[in-house]
1. Please work out the C-alpha center-to-center distance from the stretch 102-131 to the stretch 1-80 and express it in whole Å.
2. Give the Cα extents of the stretch 87-179 along the principal axes, in whole Å, largest first.
3. Using a 1.4 angstrom probe on heavy atoms only, work out the carbon and sulfur share of the accessible area of the stretch 57-185 in %.
4. Solvent-accessible area per residue for the stretch 50-161 at a 1.4 Å probe radius, Å²?
5. If you project the alpha carbons of the stretch 104-154 onto their three principal axes, what span does each projection cover, largest first, in Å?
6. Please give the contour-minus-distance gain from Gln80 to Tyr158: 0.36 nm per residue of separation, less the Cα-Cα distance, rounded to one decimal in nm.
7. Give the range of the longest stretch in the chain that excludes all chymotrypsin sites (Phe, Trp or Tyr not before Pro) found in loop regions by DSSP and having at most 16 other beta-carbon atoms within 10 Å.
8. Quick one: net charge of Ala39's neighbours, Cβ under 13 Å, K/R +1, D/E -1?
Amino acid sequence: MNYDLLSEILLAGLTFYIAWRELATRPGIALCAASIGIAALLGALVFSGVASADGPHRVVSLLASCAGLPLFAASLRWNQGELARRRSASVRFFLIGSGVCLWMVEVLHMAWWGQLVPALSATVIMVAAIQSGQVVTMLGGLTLLVCFTLNVLGRTIYPLDADQQLHVLLSLSLFLLVKNRPRGA
């Protein structure tokens, strides 16, 4: 059984559910979730043997982490703000963040940007989770920090490999972060 494929399908299914659930009231969260879901679908194609999906998977994953996660962080932290509530503001933020990300990583060859932005986003998400006062949300923020820390350190939790661990922990953290939050908050 291809567990890498299953972990990508888990991540895609959960993020598309979050995107659908949050689109009407929190488009910032929905757009981030959708970008992660698209990256996961492309990853599933890669693990299914479609080699031509590898390049698009890498690019969409980069955009999801460097434009989508900051949007998610801002939408959680300032949940009554424009980025959280207005589709046009969310889309503009995502497009500008994507442009900056591609400029920094692909043009200026600053690969560290692809790790710095998600790490800062995870920190903002953790702060927002703590400020929410909800234990489940705090567990989601902590799970996200653990996910990225293990990824950066190159550590894995047996029996998962690095890709499976990233997908499973990211799925769990996103689920916990949006689970108990009212759709209008």
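The values are calculated or read from the model by the stated rules, or taken from the named source; none is laboratory data. The shown structure was predicted, so the numbers you read here are calculated from the model rather than taken from an experiment. Positions of Cβ are generated from backbone atoms using ideal geometry, with glycine treated the same way; all protein chains shown enter the neighbour counts. All accessible areas refer to the heavy atoms of the entire protein, side chains included, with ligands and DNA or RNA removed. Shrake-Rupley method; radii C 1.70, N 1.55, O 1.52, S 1.80 Å.
1. 16 Å
2. The Cα atoms of the stretch 87-179 stretch 38, 33, 18 Å along the principal axes, largest first.
3. Carbon and sulfur atoms account for 68 percent of the accessible area of the stretch 57-185.
4. 55 Å²
5. 41, 22, 9
6. 24.1 nm
7. Here the longest segment lacking exposed loop sites spans 1-77.
8. -2
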